[in-house]
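Reviewing the structure listed below.
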Amino acid sequence: MMEKIKGFFNKIKNAIDWKRVNWKRVIPLLVLVFLIFYLLISLIVGLLTKKPTPEIYKICNLNSKKTLQVIQKEDRNNPVVLNDYNFYGESINLYYQSYDRNMASSDTLGGEVLALVDLCTGTEVKFDITDKVDGGIQIGQLKDGFYSVYSVVNENYRRVYMPANIYVNNTAYSVTRNGKRIKAELIANSALFDAEGQTESVLDRSYLYIKVTTEEVTEATIDYDVAIITAPALLQTNVSLDGEHANGIIEGVELWAVAETVRDKLEAEGLKVRIVKDAHNEQILYYGEGGLANRIYNGNNKYAIMLDMTTANSEISTIYSAYASDKFARPMYSRLAALGFYKEDGGQLKASSGATSKDDGTRYDSDWEIRELGGKVLGAGSYSETSRKNAAFSADSIYGVNAVKLTLLNIRDAEAVGRWNENRDAIANAIAEGILETIKGVKEDTSKQ
């Protein structure tokens, strides 16, 4: 057999006159044939091999391809630019112009409707917006999803976009409800759905989206829901740490007892609460690094109450910011008034009166306990030289704490103190129940689905 094979190749070898072969032509021809063969093989392999879809930002647990399909169906035909945003309590606020607390109502979205369309489910949630800093999108009413944001005017849906991409200070949280809190992340990025190296963007503008997720709240969660401050909130040193002494009671001791009862009742409902002082007579100033206000900012509180006493019936009141509504304050006031003595002794519900800064001539809340917790939203850290002691952590903060000041008693009125002694626990319960009405009843206030 081997002899036959060897003979076959010898015949081929003898049949070719190797001396007459033009190798200069044959070699390039062989190289060309090889290259054509290689290209054909590569083409066949490429056609048979499944190419991976370029990775992009994905939504709704979809892959990249299906994410793009959803985004490409989104209605972006009627865009409108909004230039600013901030947060106050549990409210997300959007504005036509750069925010200024004394801006014209026409520069806010007051009187308009914001529609959030969940790209995951198609569900639409609408909010009636006011020009108050607590009258925006209510975080506590949102469900998990990835939302497109529309301004609705006369049933005309306008797709909201921002003038530039948003990278920082874009996340806010609700208070704790049923052991969980809602995280709302504002996203605006014109290249959000682009693959690496892509030259033509999917989006032609930095359209605003809100990504909503629910998180478990654990002991490790550093944020608080409600802060409680008790008088005296010291503005200077070398003063009484107990506050007023009159008619057999001590201001600081009494208010601390109320604060503890309020805290315990709120915590029993699952809220994270901090009495900001470590003791009723702690030596700590309100202003400055490490002060009471600084502790509240560091705790990322959404709400705060200041418990106070006075020496004049005319000052007994429940006060909220003039730039906010009475939505947080009114339930507390109504319950205190229902006890009888509070309203009888002069208690009233009112917005903080306006004060004009000597430095810049603009209007502020006059009650520093409210103003200085409101961040940039209320002009914290800028009213006066004293205010500027907080400027490093408050003046530029777009996170405002929704604060209410409760002046509960004229400590020098003997009859009023007698009623206080009989009703102190009822007062604490009224305050706690008012807070719970706001926080637990918020879902029925402004949302319409």
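Which condition from (1) crowded, with 24+ Cβ neighbours inside 10 Å; (2) over 20 Å from the mean Cα position of the chain (by Cα) is the one that Asn301 breaks?
(2)
Looking for whichever is over 28 Å from Thr218 (Cα atoms) and crowded, with 19+ Cβ neighbours inside 10 Å here; the options are Phe146, Phe127. Which one fits?
Phe127
Could you list, in sequence order, the residues of the range 377-414 that are part of a helix (DSSP H, G or I) and of a type in the set (Ser, Thr, Tyr)?
If the condition is that a residue be part of a helix (DSSP H, G or I) and of a type in the set (Ser, Thr, Tyr), then Ser387, Ser394 are the ones that fit.
Return the residues of the range 239-282 that are surrounded by 15 or more Cβ atoms within 10 Å (Cβ to Cβ) and hydroxyl-bearing (Ser, Thr, Tyr); say none if nothing qualifies.
Residue satisfying the conditions is Thr261 alone.
Quick one: would you say Ile398 is out of contact with any Asp or Glu (no Cβ under 7 Å at 6 or more places or on another chain) and surrounded by fewer than 22 Cβ atoms within 10 Å (Cβ to Cβ)?
In short, yes.
What single numbered condition from (1) buried (at least 20 other Cβ atoms within 10 Å of the Cβ); (2) over 28 Å from Asp326 (Cα atoms); (3) within 15 Å of the chain's Cα centre (by Cα) fails to hold for Tyr88?
Against the list (1) buried (at least 20 other Cβ atoms within 10 Å of the Cβ); (2) over 28 Å from Asp326 (Cα atoms); (3) within 15 Å of the chain's Cα centre (by Cα), Tyr88 comes up short only on (2).
With the condition kept exactly as written, say whether any residue in the range 416-432 is in the same structural domain as Ala259 (by TED's automatic domain parsing), touching a residue at least 40 places away in the same chain (Cβ under 8 Å) and under 26 Å from the mean Cα position of the chain (by Cα).
There is at least one residue in the range 416-432 that is in the same structural domain as Ala259 (by TED's automatic domain parsing), touching a residue at least 40 places away in the same chain (Cβ under 8 Å) and under 26 Å from the mean Cα position of the chain (by Cα).
Kindly indicate whether any position in the range 281-301 is within 21 Å of Asn423 (Cα to Cα) and modelled with pLDDT of 95 or more.
no
Out of Val202, Val212, which single residue is farther than 26 Å from Ala428 by Cβ and touching a helix residue (DSSP H, G or I) at 6+ places or on another chain (Cβ under 7 Å)?
On inspection, the qualifying residue turns out to be Val202.
Filter the range 364-395 for residues that are of a type in the set (Lys, Arg) and either surrounded by fewer than 15 Cβ atoms within 10 Å (Cβ to Cβ) or on the phi > 0 side of the Ramachandran plot (or both) and give the result.
Residues satisfying the conditions do not exist here.
So the check is Cβ under 6 Å with 6+ separation or different chains; which pairs have a first residue in the range 75-86 that's within 14 Å of Val149 (Cβ to Cβ) and a second one that's in a strand (DSSP E or B) and of a type in the set (Gly, Ala, Ser)?
Correct list of pairs: Val80/Ser151.
Residue under question is Lys180, and the condition is that it be surrounded by fewer than 21 Cβ atoms within 10 Å (Cβ to Cβ), touching a Leu at 6+ places or on another chain (Cβ under 9 Å) and either at pLDDT 95 or above or not acidic (Asp, Glu) (or both); does it hold?
no
Restricting the range 401-413 to residues that are within 29 Å of the chain's Cα centre (by Cα) and aliphatic (A, V, I, L, M), which is surrounded by the most Cβ atoms within 10 Å (Cβ to Cβ)?
Among them, the one singled out is Ala403.
Which residues, counting only those in the range 142-185, are under 14 Å from Val117 (Cα atoms) and under 13 Å from the mean Cα position of the chain (by Cα)?
Answer for the range 142-185, where residues must be under 14 Å from Val117 (Cα atoms) and under 13 Å from the mean Cα position of the chain (by Cα): just Leu142.
Looking at (1) modelled with pLDDT under 95; (2) of a type in the set (S, T, N, Q); (3) within 15 Å of Ala188 (Cβ to Cβ), which is the only condition Asn86 fails?
The single condition Asn86 does not satisfy is (1).
The values are calculated or read from the model by the stated rules, or taken from the named source; none is laboratory data. Here the structure is a predicted model, which is why all the values come from computation and not from measurement. Here Cβ is always computed from backbone atoms with ideal geometry, including for glycine, and neighbour counts include all displayed protein chains.
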